[in-house]
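**Q** Mind looking over this structure? Questions follow.
The values are calculated or read from the model by the stated rules, or taken from the named source; none is laboratory data. Remember, it's a predicted structure, so these values are computed and weren't measured experimentally. All Cβ positions, even for glycine, are placed from backbone atoms using ideal geometry, and neighbour counts span all protein chains on display. Heads up: the accessible areas ignore ligands, DNA and RNA and are worked out on the full protein's heavy atoms, side chains in. Shrake-Rupley method; radii C 1.70, N 1.55, O 1.52, S 1.80 Å.
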Amino acid sequence: MEKRNTCCLTFDDGPDPVWTPRVLDCLAAHGARSTFFVMAGHANHHAGLIERMHGEGHDVELHCVRHVRHSELDESALREDTEQGLRTLRGLGAGVRRWRPPWGVVTDATRRVAADHDLEVICWNVDTEDWRGDSATRMHARLAPGIGAGSVVLLHDGLGPGARRSGCSQTVELIPLLIETLSARDVHAIPLSESTA
Ligand SMILES: [Zn+2]
């Protein structure tokens, strides 16, 4: 079988009871599956959304418990945060293998903790900067020239610290625009767990 060109749409800072269901609806409507880097506390409060992510073929991976730059945590605090997050997510049935540290800040301690827990640290190579609050059409115009096979796209299905918007509606509207552009380039959005890149 010919291998299709693939990319990954990834979502941070959820699950959010309002926005995550809309993101999931949108992905399902367009036949795309994704990777969610979730906040463990939110996941615990919205376990039904974690179940839905699994049921619909998405990856559930670790973002954090506390949304703090690793450069601002000592190693024991970082280790404690990560272990607490892993316990929570594994308790919800997530076989976590990947980790996206808050803000994408990766330190030597991040690498040591990741190695100890057999976690792959994942950042991104396309940033929607959707937290800024730009319209979907504006974000799409900026992103379209650069997305394609091998893109790991950062989006948010929740409102993390620093978000300059009151909701994720423009992220929801951006998803079909991105998928359309990718399809035109024969690129299919798949979860990171299925990516061989
Ligand atoms: Zn985040």
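**Q** Test L86 against the stated conditions and say whether it is within 14 Å of the ligand (Cβ to nearest atom) and in contact with a strand residue (DSSP E or B) (Cβ under 7 Å, 6 or more places away or on another chain).
**A** Here the answer is no, as L86 does not meet what is asked.
**Q** Spot the failing condition for A141; the list is (1) of a type outside the set (D, E, K, R); (2) open to solvent by less than 30 Å² (accessible area, probe 1.4 Å); (3) without any contact (Cβ under 8 Å) to a residue 60 or more places away in the chain, and only one is missed.
**A** Looking at each condition in turn, A141 falls short on (2).
**Q** G158 fails exactly one of the following numbered conditions: (1) more than 22 Å from R22 (Cβ to Cβ); (2) crowded, with 20+ Cβ neighbours inside 10 Å; (3) within 16 Å of the ligand (Cβ to nearest atom). What is the number of that condition?
**A** Only one criterion in (1) more than 22 Å from R22 (Cβ to Cβ); (2) crowded, with 20+ Cβ neighbours inside 10 Å; (3) within 16 Å of the ligand (Cβ to nearest atom) is unmet by G158, namely (1).
**Q** Out of curiosity, is P145 away from the ligand (no atom under 14 Å from the Cβ), modelled with pLDDT of 95 or more and not aromatic (F, W, Y)?
**A** Criteria met by P145.
**Q** Please enumerate the residues belonging to the range 69-79 that are away from the ligand (no atom under 16 Å from the Cβ), surrounded by fewer than 15 Cβ atoms within 10 Å (Cβ to Cβ) and in a helix (DSSP H, G or I).
**A** Within the range 69-79, E75, S76, A77 meet the criteria.
To keep it simple, each residue is scored yes or no on (1) within 29 Å of C26 (Cβ to Cβ); (2) open to solvent by 10 Å² or more (accessible area, probe 1.4 Å); (3) within 16 Å of the ligand (Cβ to nearest atom).
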| residue | (1), (2), (3) |
| --- | --- |
| H54 | yes, yes, no |
| P102 | yes, no, yes |
| V106 | no, yes, yes |
| C123 | yes, yes, yes |
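**Q** Can I ask one more? Within the range 111-118, does at least one residue satisfy the condition of being surrounded by 13 or more Cβ atoms within 10 Å (Cβ to Cβ), under 18 Å from T196 (Cα atoms) and away from the ligand (no atom under 14 Å from the Cβ)?
**A** no
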